[in-house]
Amino acid sequence: METLNVGWAMSKRRPVNVEVTLEEVGGNANRLIRRFMKKVKKERIIEDYLDRRFYEKPSVKRKKEKFKKLRNAQKAEKERSTKLDIR
């Protein structure tokens with residue numbers, strides 16, 4: 001029986017068992033890989049690894065987080081205004 005699985009999550013420091021079996025996907029290997037990648041993305045395993053590759057000062061993290069919140073707020077406001085047709 002073929003399975004794909006991943007052990008530990010980088011940031012959470014807890015075991016994350018992302019596992020997909022061939023029985024789940026009806027024996028289709030392509031679907032197995034797609035479902036596995038979807039579960040890995042949902043658990044943010046790759047993103048956590050990429051974030052932790054290099055040290056980032058806490059002040060830089062805060063600035064990035066603040067900018068991200070501002071950008072998301074601007075995007076939401078733009079969507080609300082277009083939805084309500086406000087100019």
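If you go through the stretch 35-75 one residue at a time, how many are touching a residue at least 12 places away in the same chain (Cβ under 8 Å), under 30 Å from E23 (Cα atoms) and open to solvent by 100 Å² or more (accessible area, probe 1.4 Å)?
Here the count works out to 2.
Pull up the stretch 10-30, narrow it to residues that are within 21 Å of I45 (Cβ to Cβ), assigned to a loop (DSSP other than H, G, I, E, B) and of a type in the set (D, E, K, R), then point me to the one that is modelled with the lowest pLDDT.
K12
If a residue must be part of a helix (DSSP H, G or I) and open to solvent by 100 Å² or more (accessible area, probe 1.4 Å), how many such residues does the stretch 78-87 contain?
Matching residues across the stretch 78-87 total 5.
The values are calculated or read from the model by the stated rules, or taken from the named source; none is laboratory data. Bear in mind that the values here come from a model prediction, so they are computed numbers and not experimental data. Please note: Cβ atoms are built from the backbone with ideal geometry, for glycine as well, and neighbour counts cover all protein chains shown. Calculation scope for accessible area: heavy atoms of the full protein, side chains included, ligands and nucleic acids excluded. Shrake-Rupley method; radii C 1.70, N 1.55, O 1.52, S 1.80 Å.
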